[in-house]
Amino acid sequence: MRRISKIGTTAMFLLALAQSNAQQQPMIVNLTVIDNGKVTPAPSEILLSFNDHSLRIQVVNGSFGVPAEIVEAKTIVLETDVADSHIRLTKLTGRDFRVGKWTLRLADEANDKYYEWPGPKNARIPSTCIVEFDNGQTCAARAMFEEHCRTRMK
């Protein structure tokens, strides 16, 4: 009986250690940017603001890693520059960073094959963003629409 107890205690310790290590690992997000139907180079860095602090994160070959603490944040603001636009997404949550593949869609017009419009009819399209979160499973990607997230840089 004592041996079973030791095995159980050891197993619980190893499980807790594995979960702790998994929580410490950075989450990796692969970002694709599509502007007016064309793949555009991903930004070189992003700024994440959450829980009263900010992190500047490098983007390498369209991928960036975020610390595990991001997953617990309720609200995250992401800012970056893409092509000739400054992007500021304010509706992200930590849950969004659990999805490893994002597609940021930008357009100057709606109602075409590369910018399927889920937003209000009176929105000014050039100032909007759509982010598709693809978990790689067979179900369709979840999309987030945000108005006033894009401003042209001069």
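Side notes on the structure shown:
- Test for I34: is it modelled with pLDDT under 95 and not charged (D, E, K, R): yes
- Of all residues assigned to the stretch 105-122, at least one qualifies as being hydrophobic (A, V, I, L, M, F, W, C), in contact with a strand residue (DSSP E or B) (Cβ under 7 Å, 6 or more places away or on another chain) and at pLDDT 90 or above.
- Taken over the stretch 51-72, the residue count meeting the criterion of being farther than 22 Å from I130 by Cβ and open to solvent by less than 80 Å² (accessible area, probe 1.4 Å) is 7.
- When E79 is tested against (1) surrounded by 14 or more Cβ atoms within 10 Å (Cβ to Cβ); (2) assigned to a loop (DSSP other than H, G, I, E, B); (3) of a type in the set (D, E, K, R), exactly one condition is not met: (2).
Residue-wise test of (1) at pLDDT below 95; (2) aliphatic (A, V, I, L, M); (3) out of contact with any Asp or Glu (no Cβ under 9 Å at 6 or more places or on another chain).
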| position | (1), (2), (3) |
| --- | --- |
| T9 | yes, no, yes |
| M12 | yes, yes, yes |
| I28 | yes, yes, yes |
| P43 | no, no, no |
| D52 | yes, no, yes |
| A68 | yes, yes, yes |
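- Counting only residues that are within 15 Å of L104 (Cβ to Cβ) and among the charged types (D, E, K, R), the stretch 44-88 holds 5 of them.
- Selection of the stretch 87-107 for residues being within 13 Å of D35 (Cα to Cα) and either surrounded by fewer than 16 Cβ atoms within 10 Å (Cβ to Cβ) or in contact with a Phe, Trp or Tyr (Cβ under 7 Å, 6 or more places away or on another chain) (or both) yields R105, A107.
- Test: residue in the stretch 130-142 that is modelled with pLDDT of 90 or more and among the small types (G, A, S): no
The values are calculated or read from the model by the stated rules, or taken from the named source; none is laboratory data. Quantities reported herein were computed from a predicted structural model and do not represent experimental measurements. When we count neighbours, we look across all protein chains shown, and the Cβ atoms used for this are built from the backbone with ideal geometry, even at glycine. Accessible surface areas use protein heavy atoms only, side chains included; no ligands, DNA or RNA. Shrake-Rupley method; radii C 1.70, N 1.55, O 1.52, S 1.80 Å.
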